[in-house]
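Below is one structure, written out as structure tokens; comments come after it.
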Amino acid sequence: MSYQSKKILKNAVYKALSWEPVLSYSRKTRLHNKCVILMYHEVADDSDEIEAWTVVRRSGFIKQMEYLSRHFNIVSLGEAIHQMANSRDMNRPMAVITFDDGYAGNKNVLLPIVESMNIPVTVFVSTKAVQEQIVYWYDRLIRALQGNKVIDINLTHLSLSEYRINRCKGAENWREIERLLRDLKTLKPDAREKAVSSTLADLQSSEEQTYHIAPLTINDVHQLADCPLVTIGAHSHCHNILTQLAADDIRRSVRMSKDLLETWISRKVDYFAYPNGNYDDLVCNILREEGFKCSLTTVSRPWEMGEPLFTIPRIGVGRYESFDHFKAKVSGVFA
């Protein structure tokens, strides 16, 4: 079956599953005493075109928040932790909105939406990018891969694979970009940085994109924290995959992110999100020792009462999510 045929079939299935009586029944039965935590990264204006799952369109995000507001209690992460520890038989399921990494759009586009719709959100900030105003390796690659020119990348010398980008557009193209990023994540940080730098050197002639992924500034983080609807969380300093690092490096990155954020916003930072979702017992223990109250993963399912606070699951939402798929996903149809 071709990709297009599979896409048509999937959309038909999502359409059938998104019939509101089905969704209502699913929320009542599958989400009873559970909390749906959603993971976003960036919101951009609809006119900002970019091939990146991590960048959702403003109009799509607003539509999703309107749906959640009708069918869920949207609460802060702190309120969700309290409710999950103390409540039973909640009338409606809870939803928590989170953002990872700390992109400029969180202040420029997201914050006005949060304020106008009165929606609490948690923004997990990776502090090195903010402090040094650098763009992380994955975003530098995404930038360089934009445009209409077909790009071939061969990383077989690193025991990886070959990749062809921009032979199509949309979700199928993103799957190939994501495959490249996922394979590069298997390399140790130094080897990965070298491979990315070499690849970027070969892509200098790529077309210019209309939208640039950029980090928040320190002042942006402060402005976000000044909004009572926004909770600032830590996302490490280095944004490396923590399970690939030695214990001292994990602790240094975790502690630095907490210290910097608390200095910037003049309040405690209690919550953490694992970069790339990777964690193990060592990472969890270090977070506890450094004073965090919980940490969030990328395990895609609702959060159930009684689960450990340092392995809280989240459901990722991205640019290529159809509204029907979104409704079915958040309503527990696939739980």
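Structural remarks
- Across Asn106, Asn240, Asn219, mean-square fluctuation computed from a Gaussian network of the chain (C-alpha pairs under 10 Å connected) peaks at Asn219.
- The calculated P(r) of the chain, using every Cα pair and 20 Å bins from 0, goes 30, 60, 10 in percent.
- DSSP assigns beta bridges within the chain; of those with both partners inside it, close to 20 percent run antiparallel.
- Counting only aspartates and glutamates at least 8 places from Lys327 when in the same chain, those with an alpha carbon closer than 14 Å to its own are Glu20, Glu66.
- Using a Förster distance of 25 Å, the FRET efficiency for Asn154-Thr263 (Cβ separation, nearest 0.05): 0.05
- Debye-sum result for the stretch 120-254 in log10 I(q)/I(0), which assumes one identical scatterer on each alpha carbon, at q = 0.10, 0.21 Å⁻¹: -0.41, -1.28
- Of the residues Thr297, Thr263, Thr98, the one that moves most in a GNM of the chain with alpha-carbon contacts below 10 Å is Thr263.
- Choice from Leu110, Leu216, Leu187 with maximal GNM fluctuation in the chain (Cα, 10 Å cutoff): Leu187
- Computed Kirkwood radius, in angstrom, where 1/r is averaged over Cα pairs of the stretch 12-131: 15.8
- Scanning residues 5 or more positions from Ala234 or on other chains, those with amide H under 5 Å from its amide H are Val125, Tyr271, Phe272, Ala273, with H placed 1.01 Å from N in the peptide plane.
- Summarising the label geometry, the points placed 7 Å from Cα in the beta-carbon direction at Arg175 and Asp226 lie 4.6 nm from one another.
- Only beta bridges with both residues in the stretch 68-224 are counted; by DSSP, about 50 percent of them are antiparallel.
- Put simply, the amide H of Thr122, placed in the peptide plane, has neighbours under 5 Å in Ile97, Thr98, Phe99, Thr231, leaving out anything fewer than 5 places away on its chain.
- Dipole orientation for the stretch 137-202: of the candidates Ala171, Thr199, Leu145, Ala171 has the Cα lying most toward the positive pole (charges on Cβ; Lys, Arg +1; Asp, Glu -1).
- Extension gain, Arg182 to Val13, is 58.1 nm, computed as 0.36 nm per intervening residue step minus the present C-alpha separation.
- R0 of 35 Å, Cβ-Cβ distance Val22-Glu290: FRET efficiency to nearest 0.05: 0.20
- Stretched out straight at 0.36 nm per residue, the stretch from Asp202 to Asp46 would grow longer than its current Cα-Cα span by 53.1 nm.
- In sequence order, calculated HN-Hα J values of the stretch 151-158 (Karplus, 6.51, -1.76, 1.60; Hz; x Gly/Pro): 10, 10, 10, 10, 10, 5, 5, 9
- Amide hydrogen neighbours beyond the local backbone of Phe310, cut-off 5 Å, H modeled: Ser295
- For the stretch 137-202, fraction of C-alpha pairs farther apart than 13 Å, in %: 61
Every number here is computed from the coordinates shown, using simple stated rules; none is lab data. Keep in mind it's a predicted model, so treat the numbers as computed, not measured. Quick reminder, even Gly has a Cβ in these numbers, built from the backbone with ideal geometry, and neighbours come from all protein chains shown.
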